[in-house]
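Have a look at the structure below before the remarks.
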Amino acid sequence: RNPLPRHTGHRALLYGTNILKNIGRDSLYFVMDSSRIERYSKRNFTVNGEHIDYPMIDSKNAESVDLVIVAVKYNGLQDAIKTMKNCVGENTVIISVLNGITSEKIIADEFAFHCLTVRKRSHHHLQGNQKAQVFPGTQSF
């Protein structure tokens, strides 16, 4: 299973929706603390007009996975690193989709291996707190 980070910004919704639709629900979960799960489980996430129910797991119960996608804003990176600790094992690949170039070094310093960078261009439009429209852009590794 491939967890996504605890913050559900437009990039997390973009990647999460694409993984759910193309690989399947058993291939993804959002990792977060129990209080955030409680708050997010009451929210309705709508992407491009479609309601999406994202799988969520408490970070305390997370296990090592093949892939972690870090899609938080820079000021949430340190919290995301703490949240994803149980998800990262010896063979886990971490992809950071944060803007800028420093997140990869911060992640690599914490987990002692290289982190892939994704240059991401996407567009989003938020409608209130609960709805987002996400339009995929280009990705380069």
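The numbers here are math on the coordinates, done by the rules we state, and not lab data. Everything numeric here is computed off the predicted structure, so don't read it as measured data. Cβ placement follows ideal geometry from the backbone for every residue including glycine, while neighbour counts extend to all protein chains displayed.
A few comments on the model shown:
- Between V93 and L67, V68, the built amide H atoms are under 5 Å apart, and every one of these is 5 or more places off in sequence or on another chain.
- Where a label projected 7 Å from the Cα of E63 along Cα→Cβ would reach, residues of segment 29-46 with amide N under 18 Å: 29-32
- Residue-wise HN-Hα coupling along segment 59-72, computed from phi with Karplus coefficients 6.51, -1.76, 1.60 (Hz; x: Gly, Pro): 4, 5, 9, 6, 10, 4, 10, 6, 9, 10, 10, 9, 9, 10
- Estimated distance in nm for a label pair at I101 and K82, the labels positioned 7 Å out from Cα along Cα-to-Cβ: 3.0 nm
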